[in-house]
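Scroll down for the structure; my scribbles are underneath it.
Readers should treat all values here as calculations from the given coordinates under stated rules, not as data from a laboratory. What you see is a predicted model; the values in this text were computed from it and never measured.
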Amino acid sequence: MFGCLVAGRLVQASPQQVAEDKFVFDLPDYENINHVVVFMLGTIPFPDGMGGSVYFCYPDQNGMAVWQLLGFVTNEKPSAIFKISGLKSGKGSQHPFGAMNLPQTPTVAQIGISVELLENLAQQTPVASAAVSSVDSFTEFTQKMLDNFYNFASSFAVTQAQMTPNPSEAFIPANVVLKWYENFQRRLTQNPLFWKT
């Protein structure tokens, strides 16, 4: 039902079921992980009115499990990216995995998914630093893409004197590309989600 992905590693698609409604993925060498993606495989949906709370668990200095709520996945939001790199020194939060004795080793953390009512998910407060801002990453990606496109297109610029007639090619003036680039940057700065309207 669930999958877990860490960049540079194989996808985990077989969580360990520790209770009827609770699943965990092991994250070996977790101190070298910045982000983790939790997603539904698309094979089995949540039952109506249900979703999954996603938790990060790591061993503290005494080897005790520290659980922190990252967020959730639902049938309407089947995947989420969470930043876990800054969570290793924070405080734990209330969690549904309390009575379970999950093995803790110093280099292995866990992602826990607890199937719960959607109304309960709406009342939970995830650790603020776990959320990956889609606007910031989108804006950053868009800026990099714009720069890359402009630099790439500009590298082919030729003067009119250098142009050789070729009926199968169309030429776009470099100032048109620059005007589009500047216009897109301005609109992105004003409203990073302008492209949705």
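Listed values, structure above:
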read-out	value
Sequence-distant residues sharing a close amide H with Met50 (under 5 Å, placed H)	Leu118
Under-5 Å amide H pairs with Val66, H placed in peptide plane, nonlocal only	Tyr58, Asp60
Calculated SAXS-style log₁₀ I(q)/I(0) at q = 0.29 Å⁻¹ - the stretch 1-55, Debye, Cα scatterers	-1.40
